[in-house]
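Undergrad: There's a structure below that I have some questions on.
The values are calculated or read from the model by the stated rules, or taken from the named source; none is laboratory data. Just so it is clear, the structure is predicted and the values come from calculations on it, not from any experiment. Virtual Cβ from ideal backbone geometry, glycine too; neighbours counted across all protein chains shown.
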Amino acid sequence: MSNTDDQIKQLYYTVKTKKAEVEAATAKPQWVTNCAFRYDLEQLEKVYNIQVVDEAIASHIAGFLIIQSKIHEEGSKALGTNKPFRWGGFTLEDWLTDLKTRVSRLLLADKKKELAELEKRLAKILPPELERQLELEEILKSSALQ
C-alpha cells in the first residue's frame with residue numbers, strides 16, 4: 001500500500017469517527033427553560049424560541065440576561081434584599097444552559113456539513129482496491145458477525 005493510500009485510509013477513519021461523534025451528540029436535547037424568551041416580559045407577542053434562534057441572537061440574549069442579572073444584583077444589594085434573579089420564571093443559569101445547548105447544536109450542524117463534504121471529496125480519490133479493503137473491514141466489524 002502506498003503512502004498516499006495510507007493517508008487516505010487514515011482520513012477515511014478520522015472522518016468516520018468524527019461523524020459518529022457528531023451523530024451521538026445530536027441526540028434530542030434536554031431543555032431547562034420553556035425556550036420562550038421575551039426581552040420585555042409585558043409584551044407577550046414578541047417571543048424568541050431559543051430552539052431555533054441563530055448564534056447572533058443567542059449571544060445577544062445571553063448578554064442581555066447577564067446585564068439584567070447584574071442590575072438585579074446591584075439593586076438587591078442596595079436594598080439589602082437577597083432575592084435571586086429570575087427572568088420569565090427561570091434563573092440566569094437556566095437560560096444560559098439552554099442558549100449554550102442551542103449554540104452547540106448550531107456548531108454541530110456546521111461540523112456535520114463539513115464532514116459530509118470531506119467524505120465526498122475522499123470518495124473521489126479513494127482507489128477501488130482501497131475502497132474494497134475498507135468495505136471488507138467494515139463488514140468484518142459488523143455486529144451481525146460478532
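Undergrad: In the list Glu119, Glu131, which residue meets the criterion of being surrounded by 11 or more Cβ atoms within 10 Å (Cβ to Cβ) and farther than 21 Å from Glu23 by Cβ?
TA: Only one candidate qualifies: Glu131.
Undergrad: Check whether at least one residue in segment 104-114 is of a type in the set (Ser, Thr, Tyr), surrounded by 11 or more Cβ atoms within 10 Å (Cβ to Cβ) and modelled with pLDDT under 95, and report yes or no.
TA: Yes - at least one qualifying residue is present in segment 104-114.
Undergrad: Inside segment 21-51, can you point out the residues that are exposed (fewer than 11 other Cβ atoms within 10 Å of the Cβ) and among the aliphatic types (A, V, I, L, M)?
TA: Ala24, Ala27, Leu41, Leu44
Undergrad: Separate question: Condition test on Lys18, is it of a type in the set (D, E, K, R), under 30 Å from Ile125 (Cβ atoms) and under 21 Å from the mean Cα position of the chain (by Cα)?
TA: yes
Undergrad: Report, by residue number, each residue of segment 20-48 that is under 17 Å from Ala58 (Cα atoms) and of a type in the set (D, E, K, R).
TA: Of everything in segment 20-48, those that are under 17 Å from Ala58 (Cα atoms) and of a type in the set (D, E, K, R) turn out to be Arg38, Asp40, Lys46.
Undergrad: Turning to a different aspect of this structure: Looking at (1) surrounded by 14 or more Cβ atoms within 10 Å (Cβ to Cβ); (2) in contact with an Asp or Glu (Cβ under 8 Å, 6 or more places away or on another chain), which is the only condition Leu65 fails?
TA: Failing condition for Leu65: (2).
Undergrad: Specify the residue that is farthest from Ala27 (Cα to Cα); the eligible residues are those in segment 69-96 that are surrounded by 16 or more Cβ atoms within 10 Å (Cβ to Cβ) and not hydrophobic (A, V, I, L, M, F, W, C).
TA: This residue is His72.
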